[in-house]
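Accompanying notes for the structure given below.
The values are calculated or read from the model by the stated rules, or taken from the named source; none is laboratory data. Here the structure is a predicted model, which means the values were calculated and not measured. Positions of Cβ are generated from backbone atoms using ideal geometry, with glycine treated the same way; all protein chains shown enter the neighbour counts.
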Amino acid sequence: MTIKNIAVIGAGTMGNGIAHLFAQNDFSVSLVDVSPNQLDKALDTIQKNLDRQVSKNTISEEIKNKTIQNISTYTSVKEGVQKSDLVIEAATENLDLKLKIFKEIDEHAPQNCILASNTSSISITKIASATKRPDKVIGMHFMNPVPVMKLVEIINGYSTDKSVSETIINLSKQIGKIPCEVNDYPGFVANRILMPMINEAIYTLYENVAGVEEIDTIMKLGMAHPMGPLQLADFIGLDVCLSILKVLQDGFGNPKYAPCPLLTNMVNASNLGIKTGEGFYTYTPGNKDLVVSKRFAMI
């Protein structure tokens, strides 16, 4: 199947990154969000990221302009997906919302259109059940920041057709990514391994074994991780981490995936990391510079 027209549902951090990536690779992109303000914000983010690429001489001014021209915006799913060969949903990690979106996409996208979700943990099989084309539903889990990170986790649902998997794997390579194909179980591979590590780091802090900086420094210097697990949790969003851990706990029925009480309390307090300015670290408004939050200092 030839894919040329891409629709991206959701103009948040992941959605604008996915739109940027495909548009820069000369695909026609329809970026869809119910909020006009969010669409404007997404285009502004893409423009700034492209300007940064130009300043670093990684792309030309011509490619930057062509990338912007390749993106159209819509506030209606019906209008945004009508000519699509592939639709990629990048909405919030909420099952009910995704089921609603996929039902609507299925009603309006062309019959041969492939439907993909950027979910990092929710069952592709369950998402596909909201459609009349479960054989054409697949997971495309991009990593953040999308234009930079090489990995795409390709998740086959129970009914995903082999030809659909092959098409998406080839497409991922075409846009300069490295696809890794996995099967549909809670958390897939990336978050099944990552989230218990983050949760254990939070428990280590919660039990006063070490402070925030100490935990992150040990994992960076001792395990060669580019970012410590607590800083990474802030970057992902503590609410997202909590949601994924609940998916793992419910999916496997295993108490080892139970979220640390400290994580739950922080989410309840709306201390969600970078996006709220405070998580395990506090952040300078307008950028991602950080200082250790004093309330987590060792006693």
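Which members of the range 1-57 meet the condition of being within 19 Å of residue 80 (Cα to Cα) and of a type in the set (Gly, Ala, Ser)?
Hits for the range 1-57 are 7, 10, 11, 12, 15, 17, 19, 23, 28, 30, 35, 42.
Hey, among the residues in the range 1-23 that are in a helix (DSSP H, G or I) and touching a helix residue (DSSP H, G or I) at 6+ places or on another chain (Cβ under 6 Å), which one's farthest from residue 42 (Cα to Cα)?
Taking the range 1-23 first, the residues in a helix (DSSP H, G or I) are 13-23.
Still in the running and touching a helix residue (DSSP H, G or I) at 6+ places or on another chain (Cβ under 6 Å): 16, 20, 23.
Values: 16: 5, 20: 9, 23: 13 Å.
Here the residue is 23.
Do you know which residues across the range 24-42 are of a type in the set (A, V, I, L, M, F, W, C) and either outside any helix (DSSP H, G or I) or surrounded by fewer than 22 Cβ atoms within 10 Å (Cβ to Cβ) (or both)?
From the range 24-42, those of a type in the set (A, V, I, L, M, F, W, C) are 27, 29, 31-32, 34, 39, 42; that's our starting set.
27, 29, 31, 32, 34, 39, listed by residue number.
Looking only at the range 3-18, count how many residues are surrounded by fewer than 18 Cβ atoms within 10 Å (Cβ to Cβ) and out of contact with any Phe, Trp or Tyr (no Cβ under 9 Å at 6 or more places or on another chain). It would help to see each step written out before you state the result.
Kept after step one, since they are surrounded by fewer than 18 Cβ atoms within 10 Å (Cβ to Cβ), are these residues of the range 3-18: 3-4, 12-13.
The next check asks that each one be out of contact with any Phe, Trp or Tyr (no Cβ under 9 Å at 6 or more places or on another chain); those that pass are 12-13.
The qualifying residues number 2.
Kindly check whether there is at least one residue in the range 179-196 that is more than 21 Å from residue 15 (Cβ to Cβ), assigned by TED's automatic domain parsing to the domain that holds residue 261, among the aliphatic types (A, V, I, L, M) and touching a residue at least 40 places away in the same chain (Cβ under 8 Å).
Within the range 179-196, one or more residues are more than 21 Å from residue 15 (Cβ to Cβ), assigned by TED's automatic domain parsing to the domain that holds residue 261, among the aliphatic types (A, V, I, L, M) and touching a residue at least 40 places away in the same chain (Cβ under 8 Å).
Would you please name the residue that is farthest from residue 151 (Cα to Cα), looking only at residues in the range 188-221 that are part of a helix (DSSP H, G or I) and polar (S, T, N, Q)? Spell out the reasoning first.
Our first condition is that a residue be part of a helix (DSSP H, G or I); within the range 188-221, this holds for 190-206, 212-221.
Among the residues that remain, those that are also polar (S, T, N, Q) are: 191, 199, 204, 217.
Details: 191: 13, 199: 23, 204: 29, 217: 25 Å.
Once the filter is applied, the top-ranked residue is 204.
Pull out all pairs, ordered by first then second residue, where Cβ-Cβ is under 7 Å, the residues are six or more apart or on different chains, the first lies in the range 50-62 and is under 15 Å from residue 25 (Cα atoms), and the second is in a helix (DSSP H, G or I) and among the hydroxyl-bearing types (Ser, Thr, Tyr).
Here the result reads 50/67, each pair linking the range 50-62 to a residue that is in a helix (DSSP H, G or I) and among the hydroxyl-bearing types (Ser, Thr, Tyr).
Among 18, 6, 71, 105, which is closer than 23 Å to residue 237 by Cβ, of a type in the set (A, V, I, L, M) and under 21 Å from the mean Cα position of the chain (by Cα)? Talk me through it step by step, then tell me what you get.
Details: 6 fails: closer than 23 Å to residue 237 by Cβ; 71 fails: closer than 23 Å to residue 237 by Cβ; 105 fails: closer than 23 Å to residue 237 by Cβ.
Testing whether each residue is closer than 23 Å to residue 237 by Cβ, of a type in the set (A, V, I, L, M) and under 21 Å from the mean Cα position of the chain (by Cα) leaves just 18.
Can you pull out the residues in the range 221-236 that are surrounded by fewer than 20 Cβ atoms within 10 Å (Cβ to Cβ) and in contact (Cβ under 8 Å) with a residue 24 or more places away in the chain? Lay out the reasoning, then the answer.
Taking the range 221-236 as the starting set, the residues that turn out to be surrounded by fewer than 20 Cβ atoms within 10 Å (Cβ to Cβ) are 221-227, 235.
If the condition is that a residue be surrounded by fewer than 20 Cβ atoms within 10 Å (Cβ to Cβ) and in contact (Cβ under 8 Å) with a residue 24 or more places away in the chain, then 235 is the only one that fits.
Is there a residue in the range 208-220 that is touching an Asp or Glu at 6+ places or on another chain (Cβ under 8 Å) and either free of Cβ contacts under 8 Å to residues at least 60 places away in the same chain or buried (at least 23 other Cβ atoms within 10 Å of the Cβ) (or both)? First the steps, then the outcome.
To start, the set of residues in the range 208-220 that are touching an Asp or Glu at 6+ places or on another chain (Cβ under 8 Å) comprises none.
No, every residue in the range 208-220 fails to be touching an Asp or Glu at 6+ places or on another chain (Cβ under 8 Å) and either free of Cβ contacts under 8 Å to residues at least 60 places away in the same chain or buried (at least 23 other Cβ atoms within 10 Å of the Cβ) (or both).
Before we move on, is residue 149 more than 20 Å from residue 98 (Cα to Cα) and surrounded by fewer than 22 Cβ atoms within 10 Å (Cβ to Cβ)? Spell out the reasoning first.
Details: more than 20 Å from residue 98 (Cα to Cα): yes; surrounded by fewer than 22 Cβ atoms within 10 Å (Cβ to Cβ): yes.
Yes; evaluated as a whole, the condition is true for this residue.
Answer with yes or no whether residue 21 is over 30 Å from residue 245 (Cβ atoms), in the same structural domain as residue 124 (by TED's automatic domain parsing) and surrounded by 15 or more Cβ atoms within 10 Å (Cβ to Cβ).
Values: over 30 Å from residue 245 (Cβ atoms): no; in the same structural domain as residue 124 (by TED's automatic domain parsing): yes; surrounded by 15 or more Cβ atoms within 10 Å (Cβ to Cβ): yes.
Judged against the criteria, residue 21 is not a match.
Being assigned to a loop (DSSP other than H, G, I, E, B), of a type in the set (Ser, Thr, Tyr) and either free of Cβ contacts under 8 Å to residues at least 60 places away in the same chain or surrounded by fewer than 17 Cβ atoms within 10 Å (Cβ to Cβ) (or both) is the filter here; which residues of the range 64-103 pass it? Reasoning before the result, please.
Of all residues in the range 64-103, those assigned to a loop (DSSP other than H, G, I, E, B) come to 70, 75-76, 82-85, 90-94.
From the residues that got through so far, the ones that are of a type in the set (Ser, Thr, Tyr) too are 75-76, 84, 92.
Residues satisfying the conditions are 75, 76, 92.
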